[in-house]
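Let me begin by presenting the structure, written as structure tokens, before commenting on it.
Each value in this text was obtained by applying a stated rule to the coordinates, not by laboratory testing. Here the structure is a predicted model, which means the values were calculated and not measured. Every residue, glycine as well, gets a Cβ built from its backbone with ideal geometry; the counts of neighbours run over all protein chains shown.
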Amino acid sequence: MEFKEIEERILQTAEELFFRVGFTKTTAEDIARESSVSKRTLYKYYRSKRHILQAIINKNAQELSSELYKIINSDSNFPDKLHTALTVTTKVLSKISRQFIDDIQRNVPEVWQQLSNYRRDMVNTVFVSLMDEGIKAGYVKKKINRGIAVMVMLSVMDNLINTSIDKLVPSELSGNIPKNIDYIFDEIINIIYNGILNNPTILNKQ
């Protein structure tokens, strides 16, 4: 069997176990067994469970970065770019459970810092770039506070990824929210673009 095939199978298996069960509760034996390799073979590829975790994070970060750069460099208009960037980012991050995040924050803080640094860099290079493009193309008001606008988008993603809808809104409202994540994003982006007021000038104090 090819080296690359075994390596990818180990990473895929470990990722599924880490995100579902948690990093701490998953053992090297679990990964080896689910990957159909011996523990000895596993350690030929990765020196420790922590090295596997770092390889998984690097792989996902590289794949997400590649997709996002394709989006911002495409010929699509700003609304399409923003929608696609948010959707792609959320689909990648939605694989990561709250349990996994809490686990690595407590038990592998240096890896959590690596994730935090990547998130910061992604915001600076991708979403700020998109916001600047939106302003230049006339889709976004020039006087808008870019920092707050980016913060709103990222807060939306964080809430949808890390918190169930039932915990975000009252029960009488959550039943009316479709489960389709693409529909939810369309509505969120529509609200971000157009607001909720029939006559937005009533709040314009200038």
Stokes-Einstein D for the range 1-136 (4 °C, 1.567 mPa s, Kirkwood Rh from Cα pairs), in µm²/s, comes to 79 µm²/s
Whole-Å distance linking the alpha carbon centroid of the range 58-74 with that of the range 39-55 is 25 Å
Show log10 I(q)/I(0) for the range 57-196 at q = 0.11, 0.17, 0.19 Å⁻¹, two decimals, from a solvent-free Debye sum over equal Cα scatterers.
-0.45, -1.05, -1.25
Packing-ranked peptide list from 140-146, 109-115, 9-15, highest mean Cβ count within 10 angstrom first, is 9-15, 109-115, 140-146
Against the longest alpha carbon principal axis of the chain, how many degrees, from 0 to 90 and to the nearest 10, is the axis of helix 78-93 turned?
30 degrees
Hull volume per residue for the range 1-47, using the convex hull of the C-alpha atoms, in Å³ is 62 Å³
Please give the helix 109-122 orientation as an angle from the longest Cα principal axis of the chain, in degrees from 0 to 90, rounded to the nearest 10.
40 degrees
Quick one: among 170, 178, 79, which has the greatest mean-square fluctuation in a GNM of the chain with alpha-carbon springs under 10 angstrom?
170
